[in-house]
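Structure, as C-alpha cells:
What follows is calculated from the coordinates using simple rules that are stated; it is not laboratory data. These figures come from a predicted structure and were not determined experimentally. Using ideal geometry, Cβ is built from the backbone for each residue, glycine included, and neighbour counts are taken over all protein chains shown.
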Amino acid sequence: MDIAEKMNVFQDAVQVDPRVVAQEHMMTGENLYIPEKTVGAPFVDDPKMRMRDVNVFYGADQAIHGVSLDIGKNEVVALIGPSGCGKSTFLRCMNRMNDTIDICRVEGSLHLENQDIYDPKLDVVELRARVGMVFQKPNPFPKSIYDNVAYGPRIHGLANRKTDLDEIVENSLRKAGLWDEVKDRLDSAGTGLSGGQQQRLCIARTIAVSPEVVLMDEPCSALDPIATAKIEELIRELSESYTIAIVTHSMQQAARVSQRTAYFHLGWLVEMNDTDTVFTKPQHELTESYITGRFG
Amino acid sequence: MSVTTEQVRKTLARRYRAEKRFKAYGICAISIGLLALLLLFTDIIGKGYRAFYEYSVALQITFDPESLEIDDPRDLEQLQYGNYEAVVREALQARFPGVEGREDRRALAALVSTAAGYRLREMLENSPELLGQTRTLWLQLNDDADMFLKSSEAKRKTARLSDQQQTWMLELEQSDEVRAGFNHSLFTRGDSREPEQAGILGAILGSFFTMLVTLALSFPIGVAAAVYLEEFAPKNRFTDFIEVNINNLAAVPSIIFGLLGLAVFIGLFGMPRSVPLVGGLVLTLMTLPTIIISSRAAIKAVPPSIRQAAMGLGASKMQVVLQFVLPLALPGMLTGGIIGMAQALGETAPLLMIGMVAFIVELPAGAMDAATVLPVQVFLWASSPEQSFVTMTSAAIMVLMTFLITMNTMAVVMRKRLERRW
C-alpha cells in the first residue's frame, strides 16, 4: 500500500466510521473497537429518567452518539470516562442546561418519569426545579449564605412566610452538613466560605427547592481530600431521598458513592453496569483499559 | 558547572540589560505624559488665577436726589431711569478735584465699572432712606483698571490705560483706597460684554441641564441596548451588523452629530435653537456607543458560573439578568457612563452646530432656555479681544477641568468600591 492509498483509507475512515477514528486516538495501540451496542445492563425497571438514542451536536461536530440508559429511583449513577468523552455534555442534557449554547442540538428521547424533557411545551424553569444541578467549580451567588439557599424557594414561591423560609434554609443546610458551621453567620457572604463549604452550600442551595433528581458535574474536582470525603458522605446520605447522577474523573469516587456506573468513550456509551461489576469484571476491553489506568 | 548553567550565565547579563532598557522606556513615556500635564496645568493656572479676585475702589458716594434725578426712591420707574453714573462720576471728581475738561473727566469715569451703577440702584431699592445720604462704598473697577492693578511693575507700562489714568490708579493704590476681594460675579452671573461683569454660572447651568438630558437618555438606552445585545439577541448576521455599526458610531467625528442634530431636531422637529434639550439629545447620540460598548464589556465580565448557578435553580432569563447580571455589571456600566458623561461635558463642536454658541446673558432656568455650556464659553472668551477675557478663559478652563477630574475620580472610586470579588 503506498502513501496515497493509505491516506485514502484514512480519509474514508474519517468519513464513514468515526469509531475507527476513535481508535486512532487511543494511546494504547491495541485494537480496541467501540461496541455497536452498549455492553452490560444500561436499563432498569421503572426508571426515574429514561434516555434513548440521544445524539448531541455542537454545530457539525457530534459529541454524543446514540446513548441509551436509565437512571433508577433513588440510585446514584456515576458517569465516568476520559476527558472529552461527553459525560458532562450528556449530564447537562438532562436538565437542558445545553439550551444556553446556541450551536448545541439534542436529538433522541429523554424522559423524566413520563415527562418528555425536550417537549417544546415544557417550561424549562419547571424542569430545572425538578432536576437540580451542582457544578464543577463551587459557584455561590455573591449574596449572604441565607440568601444563597433561600434563592430557589423564593423564585419558585415555595415559602410564603419568613418562618417557612427559615425552616427550608435550616433543613437544607442541615442536609448538606453545613448548618453547624454556618448557623451563627448566615448573613455573611457565601463567597467567604472555604472551597468545600462553598460546594456544600451549593448542594444546600440545590436541594432547597426539593428537586427529584440532582445532577452533579465533577463536584469534588476543585476540592481537597477532606472536603471531598465530606461531599461523598453527603452524596450517600442524599441518595436516600434523591436520585443522583454524578460525573466524576475519579474512579475511586465512582466506586465509593455509586450503585451503577456508565463508562463513556468519545461520545459513545461503552458499558454500563452495577458499579461492582464495572470495576471488578469489566466486560469490554475499553472499560478495562480505562479502569486499569492504561489511558485516560 | 554544567553546560546549561554556563550558557545561562552568559545570557543573563544581556537579559537584565534588556529588562532595564524596557523599564527605562516606560519611565520615559510616563515622564513625558506627566510633563505635558504639568505644563498644561501651570500654564492654565498661571494665567487663570487672577480671574478669581478683583479690585474695587473706595468712594464717598452721595445719593444726591438732583444728580440721580430721583425724588421718590419708592417709585420703580424713577429708580429704573436714575442717573447713577452721575453720582459715581461726582464721587470720582470729588476724589480727584483737579480734573478738568470732558476728555479727562470721561477717562476718570471710565476707571469704575458700569456695574457700580447697578449696585447703587440695588442699594437704593432695598433701603430708600439712603437718598440724600453719603456712604463710603467699595465699587468694582473697570476691567482695564483691574488688570493694571493685577499686573507686575514691568507689565504696567503696556497696560491699556492712559498715562493719566495710570497716575490716578497709582495714587489710589498708594493711599490704600483700592483692595482685592473674591470675584463673586465670576460664579454668580452669566456672560457679559464687560469682562469684570462676566461670569460662568450661565455656562455651568447650561452644562448641567445638558448633562441632565444626556444622562437621563443615554444611560438607560445604552444599558438596555447592551443587555439586549448581550443576553437576548440571537447571534446572526443582523446582530453582527448592528455590532459593527455601534463601533462605527463610536468613531464618527462629533461635529457630524451636531450637523445631524441641526438637520433632524431643529430642522425636522422644529425644536428651538441653543437650548440644552437639543444639546443633550445630540450628546446622547454621541455618548451612546461609549456606554453600550462599556456596558457590554461589563456584562461579558460577569462570570458564567453565576448565570449557570441561577439557571440551574430554575431562574428565568429575566431573573438571571435582573438579579445577577445587572447588579454585578453595574459598577462597570456606571464607570462607562461617567466616562461618557465626562466626554460629553468637554464636547464643543456638535454644540456649535446647534447654536449653543450664542451670546446669552440671562441664566437658563431649565432645559428649554437658551444657554451655552462650559467648553463653548471657553471658546467664546478665547476669541474675545479684551485682555481680561484671557484670564477669564483660563479660569473657565480651570472650572471645567475641576468638574472633569471630579467625574473621572468618581468613576475610579466607584469602580473600586462597588467591585465585588467572587
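For a protection proxy built on the mean count of beta-carbon atoms within 10 angstrom, sort B:388-399, B:116-127 highest first, please. Walk me through the numbers before you get to the answer.
Values: B:388-399: 22.8, B:116-127: 16.4.
Ranking the peptides B:388-399, B:116-127 by packing returns B:388-399, B:116-127.
Report, by chain and number, residues whose modeled amide H sits under 5 Å from the one on A:Ile246, excluding near sequence neighbours (fewer than 5 apart, same chain).
A:Val77, A:Ala78, A:Leu79, A:Met216
Relative contact order for region B:54-181: what is it in percent, counting Cα pairs under 8 Å that are at least 6 residues apart?
Working: 158 pairs, mean separation 50.9, N = 128.
Reported relative contact order: 40 percent.
Suppose only helical runs count, i.e. DSSP H with n ≥ 4. What mean residue ellipticity at 222 nm does that imply for chain A under -39500 (n - 2.57) per run, divided by all residues and rounded to the nearest 500 deg cm²/dmol? Can you show the working numbers first?
On the way: 12 runs with 113 residues, N = 296.
Only helices count here, giving -11000 deg cm²/dmol.
So, counting K/R as plus one and D/E as minus one, what does the shell of residues with Cβ under 12 Å around B:Val227 add up to?
On the way: positive: B:Arg296, B:Lys300, B:Lys317; negative: B:Glu230, B:Glu231.
Cβ neighbours under 12 Å give a net charge of +1.
Do any of A:Lys48/A:Lys137; A:Lys48/B:Lys235; A:Lys73/A:Lys175; A:Lys87/A:Lys121; A:Lys183/B:Lys317; B:Lys20/B:Lys47 go past 29 Å between their Cα atoms, and which?
Values: A:Lys48/A:Lys137 27 Å; A:Lys48/B:Lys235 36 Å; A:Lys73/A:Lys175 19 Å; A:Lys87/A:Lys121 27 Å; A:Lys183/B:Lys317 32 Å; B:Lys20/B:Lys47 40 Å.
Check vs 29 Å cut-off fails for A:Lys48/B:Lys235; A:Lys183/B:Lys317; B:Lys20/B:Lys47.
Residue-wise, which Karplus ³J(HN,Hα) couplings in Hz belong to region A:39-47, taking 6.51 cos²θ - 1.76 cosθ + 1.60, θ = phi - 60°, and x for glycine or proline?
Using θ = phi - 60°, the values come out as 7, x, 10, x, 10, 10, 7, 6, x Hz.
May I ask you to order A:154-162, B:103-111 by the average number of other C-beta atoms within 10 Å around their residues, highest value first?
Details: A:154-162: 13.2, B:103-111: 15.8.
Packing proxy ranking, top to bottom: B:103-111, A:154-162.
Straight-line reach from B:Lys416: which aspartates and glutamates have a Cα under 16 Å away, not including same-chain ones fewer than 8 places off?
Correct list for B:Lys416: empty, as no aspartates and glutamates qualify.
Add -39500 (n - 2.57) for each DSSP H run of 4 or more in chain B, then divide by its residues: what number comes out at 222 nm, to the nearest 500 deg cm²/dmol?
On the way: 20 runs with 269 residues, N = 422.
About -20500 deg cm²/dmol.
Tell me the relative contact order for region B:201-297 as a rounded percent, counting alpha carbon contacts under 8 Å between residues six or more apart. Could the numbers behind the result be given before it?
On the way: 77 pairs, mean separation 51.9, N = 97.
So the answer I get is 54 percent.
What is the order of A:Lys183, A:Lys137, fewest Cβ neighbours within 10 Å to most?
Numbers: A:Lys183 12, A:Lys137 17.
Lowest to highest Cβ neighbour count: A:Lys183, A:Lys137.
Could you tell me which GluC sites (Glu not before Pro) in region A:199-296 are loop residues by DSSP with no more than 11 other beta carbons within 10 angstrom of their beta carbon? Numbers along the way, then the final one.
Details: sites: A:Glu212, A:Glu232, A:Glu233, A:Glu237, A:Glu240, A:Glu271, A:Glu285, A:Glu288; in loops: A:Glu212, A:Glu240.
Sites meeting the loop and neighbour criteria: A:Glu240.
Can you give me the distance in nm between label points at A:Arg161 and B:Asp163, each placed 7 Å from the Cα along the Cα-to-Cβ direction?
About 10.1 nm, to one decimal.
Would you be so kind as to identify all helices of chain B, as entire DSSP H runs, whose Cα atoms reach 24 Å or more along the helix's own axis and whose mean Kyte-Doolittle hydropathy is at least -1.0?
Numbers: long enough: B:3-48 (67 Å, 0.32); B:201-227 (38 Å, 2.00); B:276-300 (34 Å, 1.39); B:326-345 (27 Å, 1.41); B:387-418 (47 Å, 1.08).
What comes out of the filter, once short or polar helices are dropped, is B:3-48, B:201-227, B:276-300, B:326-345, B:387-418.
Give the average, rounded to an integer, of partner chain Cβ atoms located within 10 angstrom of each Cβ in A:136-143. All intermediate terms of the calculation are to be shown ahead of the outcome.
Working: counts 2, 4, 2, 10, 4, 8, 8, 3.
Per residue, the number of nearby Cβ atoms from other chains is 5 on average.
State, as an integer percentage, the relative contact order of chain B based on alpha-carbon contacts under 8 Å between residues 6 or more apart.
Numbers: 558 pairs, mean separation 79.5, N = 422.
Computed value for chain B: 19 percent relative contact order.
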